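> First, the structure itself, so that you have it in front of you.
Just so it is clear, none of the values below were taken in a lab; they were calculated from the coordinates. From a predicted model like this one, the values you see are computed outputs, not experimental measurements. With ideal geometry, Cβ positions are generated from the backbone for all residues, glycine too; neighbour counts draw on all protein chains shown.
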Ligand code: NA
Ligand code: NA
């Protein structure tokens, strides 16, 4: 029997969708009865989040649920997968998966030695102690903890100060006043109980700025060594996990909105005008930097924006 | 010849230690600058976090050879205490050899890591995006120096009468109490 | 290879390597390498560097050298002696007063450093000779310092709580707060034991030795002022909305250096370089052990040993308090052989899910774990505080140090027991100040 190692940084067995995706794949592959077992190492219990890329592309790690932007230092193109305003909403994320943009990204992934078996776009939100973050000028002068370098660039352009800290410190940061605002995934907004200190939440909705690509990757080296039956089982399990994720991630957003409303936090969404204002700002900051830093970067962004 | 090697390596380790200390001081000052910028002037801080993390981490690897020179990496001395002087010296030699083996392994591994970062022009994924080879250089440098320092220690242990001349490498005292009186000297 | 076999092999390899007296850090690393090499072959050369580097390249870990630097600034200057003598002027009439001054000084000093060996060294180098001079037996003099020094990791700031916070993704600011009352409680318990012990054996040296007038006593007070200033300043930066815990460490270090340099006019290069030198040495020692422990933990996890042990503990269908007792015995054994940071790096990620599953508060558990690790600091074969005392007082046989510390170990067990009965001692302050978190 072949044993594969799967690693991710999210809490294991606690209902985190990314963990559940990997668990599902492990269960389905076992059920396919193709002599394949997947051992899951959740919560960074094997590799540190950033080290997973090196390990999976080298074939030391077999599978990972990996926020692709973490490898953007090695493949700057990946910054586009945590780029403000490039996704917008879940339905568009699905269309994006089949676009030329993602074909280009996946080509980089494959050339590096890994392959995507399940797409996953995670949504996120903003919350503040001061007031509602809608248009760019509502953030001016606030200290915010952002998730992702491209976001930091845009938020700085909007006149915010950035404080970097692990997500586990956000709660204390907002409590003591080190932070005025935070930007992170919807799941973290619930699990870290930020509603106790937030005054207003900007939920993803139809015009969401923050999306992060966190696919399930398999090492190509390892995959090629498997039998055709085993390969088929993995791909089938990946497809199923992808569908599961797409459904659950929307429920997660709803759960966040409900939790915050129940806690008496004002919940708003960005209007189309707000979104466009941010997009304009992003074009002058994050997109511009990306185009300068990455060869063919502007073309990549255009391809993403061209998706309907 | 041997004496000169031991002295030179010791001095080189001290040089690394000075570099390490400077990096720690810089990390401290930059942290304070970052706090000042953000909470007094409300200005965005872009490079500070990366700088602080990488300089402090590099400092640890660069300082390691000097700490070895000063006997500051703690180990178990229970077995040693039970042995005769002669067996104790032999055990120390075995320990030094094993330490050298580990440092050689890590030198190779960290060189591979550094070289890939250098050749691939890897950057840290952050807004500042500093090239990773700069902090990663501290690892092969530190482990190379550790290897040289271990060789010096082994020479001290195997050359008769050497520790009378240079007892420094084997002062088996924890780092924290180095600068206090009554430092035990080898051989006890 | 079978999981049990490979687990036993790697542990045996570690013990054999440790037995040679080689540095713990390198022994951990070499044992991990052998295991990984047997499993994955030459490939692992690609990840050894990553694992060690990213194991310690973390903003929160930067606070470790900073909190060590804070301690070194006080320990390597006349500040430590002042703290000690001022306390002695107030406590010298109490039976065993000098022991109390020592423990008290250790507790105050703990508020300025994250490290136990540093606390031990700072107070011990004045405290032990003074106690021996006034006729206290070896065991009392060294035991109280060895134990008092362990408070360094319980009373915030604390290196072990920082490592725990990172390993388990809990808030370091909150962990620090959880340590305050247990730290005070343990200090009082240590003092109570000292009084009982000295009364019982009739050590009444202090009162006969020196008498201080009220004026002399008051004159000593301003000297404590700089310390209070440092502690208050750091706390303000930490909890006043100025900075995160990791950043506060840097501010605290700079503040301490400035206060010490100005108050004691340490304008010579030599004096200041001594402070940095000793801080660098201790930080490097701790961080190398941590980086290597990361490698060892990686090997254990890669061989599925960690997961197997965790599953075995979790599957024990027992009362949660029996579970807690088992975990504590397990930690105690680990703590005997390895320094606290190594134990936490290797076990916290594994124990954390079990603990929270069983309904224990993770912040409360951090404190229990820390007291448990304090025990490890004064038990052979690897007890960092014992090494320090050995270096400060080479004339005192190790046996005397061990006998002297043993009662304090029992006091620590009692403290763990009290914390189990009244978890609020740890959880009340953070809940009060930072709100209740599930
Ligand atoms: Na402390
Ligand atoms: Na111990």
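> Between 0 and 90 degrees, rounded to the nearest ten: what's the tilt of helix C:59-75 against the longest Cα principal axis of chain C?
Rounded to the nearest ten degrees, it is 30.
> Per residue of C:380-387, what is the mean number of Cβ atoms on other protein chains within 10 angstrom of that residue's Cβ?
For this peptide, the per-residue mean of nearby foreign Cβ atoms is 4.
> Which FRET efficiency, nearest 0.05, do residue A:227 and residue A:100 yield, Cβ-Cβ r, R0 41 Å?
Once the sixth-power term is evaluated, E becomes 0.80.
> Could you let me know the centre-to-centre spacing of the stretch C:376-427 and the stretch C:225-257, using Cα atoms, in angstrom?
Distance between centres, Cα-based: 28 Å.
> Give the whole-number value, in cubic angstrom per residue, of the convex hull volume spanned by the C-alpha atoms of chain A.
116 Å³
> Calculate how many DSSP beta bridges within the protein assembly as shown are antiparallel, expressed in % of all such bridges and rounded to the nearest 5.
Among the beta bridges of the protein assembly as shown, antiparallel pairing accounts for roughly 55 percent.
> Cα-based Rg of the stretch A:94-166 per 2.2 N^0.38 Å, rounded to two decimals?
Against the empirical 2.2 N^0.38 Å value, I get 1.48 for the stretch A:94-166.
> Taking each pair of different alpha-carbon atoms in the stretch C:308-433 once, compute 1/r for the pair, average those values, and report the inverse of that mean as the Kirkwood hydrodynamic radius in Å to one decimal.
The answer is 15.7 Å.
> Just from its helices, what would the mean residue ellipticity at 222 nm be for chain A, if runs of 4 or more DSSP H residues each count -39500 (n - 2.57) and the sum is divided by every residue, rounded to the nearest 500 deg cm²/dmol?
For chain A, the value works out to -13500 deg cm²/dmol.
> Per Stokes-Einstein, at 25 °C and 0.890 mPa s, what whole-number D in µm² s⁻¹ belongs to chain B, with the Kirkwood radius over Cα pairs as the hydrodynamic radius?
Translational diffusion coefficient: 132 µm²/s.
> In percent, what relative contact order does chain B have, based on Cα pairs under 8 Å that are 6 or more apart in sequence?
Reported relative contact order: 28 percent.
> To make sure I understand, if each residue's beta carbon is the centre and we count other beta carbons within 10 Å, what order do B:122, B:128 fall in, fewest to most?
With the fewest neighbours first, B:122, B:128 line up as B:128, B:122.
> With no solvent and one equal point scatterer per Cα, compute the Debye intensity ratio I(q)/I(0) for the stretch C:47-434 at 0.11 Å⁻¹ and report its log10, rounded to two decimals.
Treating every Cα as an identical point scatterer, log10 I(q)/I(0) equals -0.75.
> Also, quick follow-up: Can you give me the convex hull volume of the Cα atoms of the protein assembly as shown, divided per residue and expressed in Å³?
159 Å³
> May I pose another question? Order by neighbour count: C:224, C:401, fewest other Cβ atoms within 10 Å first, most last.
C:224, C:401
> Relative contact order of chain A: what whole-number percent is it, with Cα pairs under 8 angstrom and at least 6 residues apart?
27 percent
> State, in angstrom, two size descriptors of the stretch C:384-438 derived from its alpha carbons: Rg to one decimal place and Dmax to the nearest whole number.
17.7, 51
> While we're here: Relative contact order (percent) for chain C, with alpha-carbon contacts under 8 angstrom and 6 or more residues of separation?
26 percent
> With a Cα-only, solvent-free Debye model of the stretch B:42-97, what are the log10 I(q)/I(0) values at q = 0.21, 0.27 Å⁻¹?
-0.87, -1.07
> Give the calculated FRET efficiency between residue C:12 and residue B:47 to the nearest 0.05, with a Förster radius of 56 Å applied to their Cβ-Cβ distance.
0.75
> Using only Cα atoms and rounding to the nearest 10 degrees, what angle (0 to 90) does helix B:133-158 make with the longest principal axis of chain B?
Taking the Cα atoms of chain B, the angle to B:133-158 is about 10 degrees.
> Using the alpha-carbon atoms, what tilt in degrees (0 to 90, nearest 10) does helix B:48-69 show relative to the longest principal axis of chain B?
Its long axis makes an angle of about 10 degrees.
> Same structure again: Sort A:74, C:320 so that the residue with the fewest other Cβ atoms within 10 Å of its own Cβ comes first and the one with the most comes last.
With the fewest neighbours first, A:74, C:320 line up as C:320, A:74.
> Over all residues in A:153-165, what is the mean tally of Cβ atoms on other chains that come within 10 Å of each residue's Cβ?
5
> Residues of C:25-35, mean number of Cβ from any other protein chain within 10 Å of their own Cβ, rounded to a whole number?
Across C:25-35, the average partner-chain Cβ count within 10 Å equals 5.
> Let me have the 222 nm mean residue ellipticity of chain C computed from DSSP H runs of 4+ only, each contributing -39500 (n - 2.57), with the sum over all residues rounded to the nearest 500.
After summing the helix terms and dividing by the residues of chain C, the value is -27000 deg cm²/dmol.
> Any idea what Rg and Dmax come out to for the stretch C:103-218 if you just take the C-alpha atoms, in Å?
16.3, 53
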